[in-house]
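Data block below; observations after.
The values are calculated or read from the model by the stated rules, or taken from the named source; none is laboratory data. Quick caveat: nothing in here was measured; it's all calculated off a predicted structure. No Cβ is skipped: glycine too gets one built from the backbone with ideal geometry, and neighbour counts run over all protein chains shown. Note: areas computed on protein heavy atoms with side chains; ligands, DNA, RNA excluded. Shrake-Rupley method; radii C 1.70, N 1.55, O 1.52, S 1.80 Å.
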Amino acid sequence: MTITYLSLLLGLAGMLAPLAYLLYVCDTRLLTKLLAGTLRMVVQLAMVGAYVKALYHFDLLWLNLLWLLVMSGVGGWVIVSRAELDKRRLFAPAALGLLAGVAVMSALLLLAVIRPERPLSAQWLVPVSAVLLAHVAASGVRALGTFCKTMQSDTQAYYTLLGNGLSHFRALMPYVRPALQSLLLPAVANLSVMGLFVLPALLTGQLLGGVSPVEAVKLTVLLCVGCLCASVIAFAVTLLLADRSLFDRSGNMIEEQ
C-alpha cells in the first residue's frame, strides 16, 4: 500500500471542504480551530513519522531504549501538566513510574508471551511500547490527579486515621481507592464494549498491515489487557517514589513551597 503526498492532500481537502464550508457559514471561530487543529496534527504526525523512520532504519537496541526513556520523560511531563500538579516534586516520580509500567509490560509481552524473532527490534519494541505509553499516560493523569486533589481537599481524614494508630500506608487507602477507580473504571468500561460496537484501532491497524484476523485479535487482547496492567504498575511505582516528596518521615504532608 502506497499513499502519495498528492493523494493525501486531495483526500484531506475532499473530506474537510464540506465541513469547512459549513463552519464558515455558521461559526468562523470553529473553522479556525478546525484548521489549526488539523495543521497541528499533521505536523506532529510528520515529526513522529520522521523519528520512527530513523528508529526503523538504524534499529539499534540502545537507540530504541533511549527513545523509550525520552518518551517516558515526555509522558511524565504530560501527566503532571494536565493534572495541574507540582512539577518540581512529581515530575520525576511520574516519569519513572510510567517508564516502570511500560518497561515491565513490554518485556513481559515481547519476551515471554508474543516472542517474535527479534523482540527488542524497533519493529516490535516501538509500536508495543508506544501503545502502552499513550494509555498509561492518559490513565496517569486521572489517577495521580485524583489522588493529589483528594488529599488536598480532605487532609483531616488522613491525620485522623494516623492518630487512631493506622500505618501511613493504611491511612492513604481512602485516597488510593478513588484514584484506582478513576484509572480502572473507564478502561474496564471500554474493554466491555470494545468488541461489540467498535472495531478497535489496534485491530484495524493490524488487519491493514496484513496480519491474519485471528492473530490480530490475539495481539489486540494482549495489548488491551497489558495497557490496563501497565497503568496500575505505573501508578503504584509513582506513589512509592512520590511518597518522600509528599510526606516527611513522621507521615506529615509536606506543604508546597
Practice problem: Any chance you could run the full-extension gain for L39 through L69? It's 0.36 nm times the residue separation minus the Cα-Cα distance, nm to one decimal. | Solution: 8.0 nm
Practice problem: With label points built 7 Å along Cα→Cβ from the Cα atoms of S212 and L8, find their separation and express it in nm. | Solution: 3.3 nm
Self-check item: Solvent-accessible heavy-atom area per residue, rounded to whole Å², over the chain at 1.4 Å
Solution: 61 Å²
Quiz item: Taking a probe of 1.4 angstrom, what is the accessible area of C26 in Å², to the nearest 10?
Solution: 100 Å²
Quiz item: Between R82 and D27, what FRET efficiency comes out of the Förster formula 1/(1 + (r/R0)^6) with R0 = 35 Å and r the beta carbon distance, rounded to 0.05?
Solution: 0.85
Exercise. Taking the chain as the reference, fit the longest principal axis to its C-alpha atoms, fit the long axis of helix 122-153 to the helix C-alpha atoms, and give the angle between the two in degrees, 0 to 90, nearest 10.
Key: 40 degrees
Exercise. Choose one answer from L90, L111, L23: the residue with the largest mean-square fluctuation in a GNM of the chain with alpha-carbon springs under 10 Å.
Key: L23
Quiz item: Using the alpha-carbon atoms, what tilt in degrees (0 to 90, nearest 10) does helix 5-26 show relative to the longest principal axis of the chain?
Solution: 70 degrees
Quiz item: What are the semi-axes of the equivalent ellipsoid for the chain, taken as the square roots of 5 times the Cα gyration tensor eigenvalues, largest first, in whole Å?
Solution: 37, 25, 18
Self-check item: FRET efficiency, M253 to A134 (Cβ-Cβ, R0 45 Å, nearest 0.05)
Solution: 0.90
Practice problem: Report, in whole Å, the centroid distance computed from the Cα atoms of the range 155-177 and the range 60-100. | Solution: 28 Å
Exercise. Would you tally the net charge around V232, using a Cβ to Cβ cut-off of less than 15 Å, leaving V232 out, and scoring K and R as +1, D and E as -1?
Key: +2
Quiz item: How much net charge surrounds Q181 when only the other residues with a Cβ under 15 Å from the Cβ of Q181 are counted, with Lys and Arg +1 and Asp and Glu -1?
Solution: +3
Quiz item: If you average the sequence gap of Cα pairs under 8 Å that are 6 or more apart and divide by the length of the range 96-149, what percent do you get for the contact order?
Solution: 38 percent
Quiz item: Using just the C-alpha positions of the range 69-151 as equal point scatterers, what log10 of I(q)/I(0) does the Debye formula give at each q in 0.26 1/Å?
Solution: -1.16
Quiz item: Where the accessible area of the chain is counted over protein heavy atoms with a 1.4 Å probe, how much of it, in %, is carbon and sulfur?
Solution: 69 percent
Quiz item: Residues with amide H under 5 Å of F247's amide H, sequence separation 5 or more or different chain, H placed in the peptide plane at 1.01 Å from N; which?
Solution: I254
